[in-house]
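Written out below as structure tokens is the structure these notes cover.
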Amino acid sequence: MPRARAFAAQVLRGHAQVTFLPSAAAGALFCLALFAAGWEYGLYGLGGAAVGTATALLLGVDRDRVSVGLEGFNACLTALGCAVFLGAEHLSTALLAVAGCVVVTVVTAAVVRLFGVWGLPSLTLPFCLVASATTVAAPGFRRVWHHGEGLAALAAPASGPTSLQPDDLARGFFAGFGQIFFMPQWYVGALLLLGFLVAGPRVAAVASLGSAVGIATGWALGAPAARIADGTTGYNAVLVALALCGVFLPARAATLTYALVGAATATALGPAVAALAAPAGGHAFTWPFVLTTLVFLAAATAFPRLTVPATEG
């Protein structure tokens with residue numbers, strides 16, 4: 001029983017580590033949010049984190065990494081990505097999700113070892129690599145692809161009204177959290193925000209500012225209102241803001257400003273990544289977050305005001 005409880009806590013922390021939170025309580029709320037979106041998404045997310053964590057344990061990954069959930073979050077996203085983009089109801093999707101979770105654990109080890117040389121985190125890069133390869137390759141396999149024609153297409157200019165109504169802003173604010181897990185429902189985002197609050201008011205405040213910056217940047221650049229309302233413009237901004245203020249850089253005014261600039265950058269980068277992926281039938285996933293965060297973290301070493309502890313600065 002103690003081992004089962006420890007494993008359950010590791011799996012829940014794996015859910016929460018999608019947003020850098022080593023909290024089983026926050027992970028439980030995140031899991032609840034996915035079940036609110038649909039029982040199948042809850043099962044895929046929970047099962048993905050469990051398979052990733054179990055694979056890491058079997059392969060002898062450092063116990064400290066496993067304990068805080070660092071071996072569960074990429075697998076959680078990988079399984080969810082399979083469910084959302086390949087169809088959760090198919091047995092082939094479930095089997096591919098399990099295989100993807102095993103593979104992403106191996107990819108995580110490789111990325112951690114490689115990026116450790118430069119002192120950079122792996123973030124969700126392992127998930128992005130595996131998910132991109134899976135979705136691009138899937139139409140080539142008839143037992144995996146169930147959507148008829150492939151989704152490869154040239155990127156088209158944005159269309160639709162850009163004027164925002166109050167309900168667009170409200171839905172977009174919460175959906176910006178939900179889209180981290182590919183869920184556009186506002187109530188899913190509200191439950192995720194509750195998870196942030198459980199982790200701490202500072203975390204919730206930074207995440208909220210990230211979502212707001214994503215919305216503001218999208219609106220200023222002329223993103224369609226529908227894209228703002230479904231959270232597409234906000235989720236990468238939330239992740240970047242959290243990463244650059246309080247996780248990989250100290251939490252203070254200078255890093256908050258830096259983080260919000262990064263959040264705006266990731267929002268602007270989103271359509272570029274989507275346009276590059278579209279001809280191959282791929283998706284943006286969290287590539288804008290990964291690319292922006294890695295660049296901003298690498299650059300931060302040149303800015304002492306961002307990296308020197310407050311007691312020394």
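The values are calculated or read from the model by the stated rules, or taken from the named source; none is laboratory data. Here the structure is a predicted model, which is why all the values come from computation and not from measurement. Cβ placement follows ideal geometry from the backbone for every residue including glycine, while neighbour counts extend to all protein chains displayed. Areas reflect the complete protein model, heavy atoms only, side chains present, ligands, DNA and RNA absent. Shrake-Rupley method; radii C 1.70, N 1.55, O 1.52, S 1.80 Å.
Overview of values
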{"item": "Stokes-Einstein diffusion coefficient of region 232-313, Kirkwood radius over Cα pairs, 20 °C, 1.002 mPa s, in µm²/s", "result": "164 µm²/s"}
{"item": "Note, ³J(HN,Hα) from phi for region 285-300, Karplus 6.51, -1.76, 1.60, rounded to Hz, x at Gly and Pro", "result": "6, 10, 4, x, 4, 4, 5, 5, 5, 4, 5, 5, 5, 4, 6, 4"}
{"item": "Carbon plus sulfur fraction of accessible area for the chain, probe 1.4 Å, in percent", "result": "69 percent"}
{"item": "Local electrostatic count at GLY270 - Lys and Arg +1, Asp and Glu -1, tallied over other residues with Cβ under 15 Å", "result": "0"}
{"item": "Residue-averaged [θ]222 nm for the chain, counting only DSSP H segments that reach four residues, each worth -39500 (n - 2.57)", "result": "-21500 deg cm²/dmol"}
{"item": "Region 46-189, Rg to Rh (Cα coordinates; Rh as Kirkwood inverse mean 1/r)", "result": "1.04"}
{"item": "GNM top mover of VAL213, VAL290, VAL117 - the chain, alpha-carbon springs below 10 Å", "result": "VAL117"}
{"item": "Residue range of the chain that is longest and free of chymotrypsin sites (Phe, Trp or Tyr not before Pro) which are both DSSP loop and sparsely packed (at most 10 other C-beta within 10 Å)", "result": "142-313"}
{"item": "Which labelled figure in (1) 32, 20, 18; (2) 27, 26, 19; (3) 40, 23, 16 is semi-axes √(5λ) of the Cα gyration tensor in Å, once derived from the coordinates", "result": "(2)"}
{"item": "Among VAL18, VAL295, VAL261: highest mean-square fluctuation, GNM of the chain, C-alpha pairs under 10 Å", "result": "VAL295"}
{"item": "Most mobile of ALA229, ALA24, ALA299 in a GNM of the chain (Cα contacts under 10 Å)", "result": "ALA299"}
{"item": "Length added when fully stretched, ARG202-ARG142, from 0.36 nm per residue minus Cα-Cα", "result": "16.9 nm"}
{"item": "Trypsin sites (Lys or Arg not before Pro) restricted to DSSP loop in region 97-184 with at most 11 other C-beta within 10 Å", "result": "ARG142, ARG143"}
{"item": "Å² of accessible area per residue within region 1-50, as computed with a 1.4 Å probe and no ligands counted", "result": "42 Å²"}
